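Single-structure report; data block below.
Read-outs: derived from the displayed coordinates by stated rules, not from any lab. Remember, it's a predicted structure, so these values are computed and weren't measured experimentally. All Cβ positions, glycine included, derive from the backbone under ideal geometry; neighbour counts span all protein chains shown.
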Amino acid sequence: MSKELENKVVDYLQALERTDWQSARSLCAADATVWHNDGKGDETLDEYFDGLKVQIGLYQSIRYDIIRQLSQAGGVLQQHVVRVVAKNGERGGVHAAVYFGFDETDKITRIEAYANYIPE
């Protein structure tokens, strides 16, 4: 069960890398919420995807390098680095720890992201 959830997280992140919003959204529950350590509180999934589309649109490419995944029934805690290449060729990375919560149908219901940008 836990490996299946880890694989769903990988599928979700790969959809984001491809900017395949429909596939990424299909892995989430309709009422999923997202929280970041930016002090703004929870977002709906629609608000989150609207922001992601703008942010990812600034880059030439984006890749999620997973460092580790820890899982249990109903959730995956993951550490990764988001590697980005800007349209001007500048490279950077965002180190993040992200919790993905799942419902009984294995849809993502909660994303909690702790991130820190570092220039490379």
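Going through segment 90-120 one residue at a time, which ones are within 16 Å of GLN55 (Cα to Cα) and not in a strand (DSSP E or B)?
Hit for segment 90-120 is GLU90, nothing else.
If I ask for residues that are exposed (fewer than 14 other Cβ atoms within 10 Å of the Cβ) and free of Cβ contacts under 8 Å to residues at least 60 places away in the same chain, which ones from segment 81-120 would you list?
ALA86, LYS87, ASN88, GLY89, GLU90, ARG91, GLU104, ASN116, TYR117, ILE118, PRO119, GLU120
Taking the residues in segment 51-73 that are of a type in the set (D, E, K, R) and in contact with a strand residue (DSSP E or B) (Cβ under 9 Å, 6 or more places away or on another chain) as candidates, determine which candidate is farthest from ARG91 (Cα to Cα). Break it down into steps so the answer makes sense when it comes.
Just the residues of segment 51-73 that are of a type in the set (D, E, K, R), to begin with: 53, 63, 65, 68.
After this cut, where a residue has to be in contact with a strand residue (DSSP E or B) (Cβ under 9 Å, 6 or more places away or on another chain) as well, the list is 63, 65, 68.
On the way: ARG63: 11, ASP65: 14, ARG68: 22 Å.
It comes out as ARG68.
Please state which of the following conditions TYR48 fails to meet, knowing it meets all the rest: (1) more than 26 Å from LYS3 (Cβ to Cβ); (2) of a type in the set (Ser, Thr, Tyr); (3) within 14 Å of the chain's Cα centre (by Cα).
(1)
Considering segment 2-50 alone, what residues qualify as being touching a residue at least 60 places away in the same chain (Cβ under 8 Å), touching a helix residue (DSSP H, G or I) at 6+ places or on another chain (Cβ under 9 Å) and among the charged types (D, E, K, R)?
ASP31
Could you list all residues from segment 70-80 that are surrounded by 13 or more Cβ atoms within 10 Å (Cβ to Cβ) and either under 18 Å from LEU13 (Cβ atoms) or in contact with a Pro (Cβ under 6 Å, 6 or more places away or on another chain) (or both)?
Let us first name the residues in segment 70-80 that are surrounded by 13 or more Cβ atoms within 10 Å (Cβ to Cβ), namely 71, 74-80.
Hits for segment 70-80 are SER71, GLY75, VAL76, LEU77, GLN78, GLN79, HIS80.
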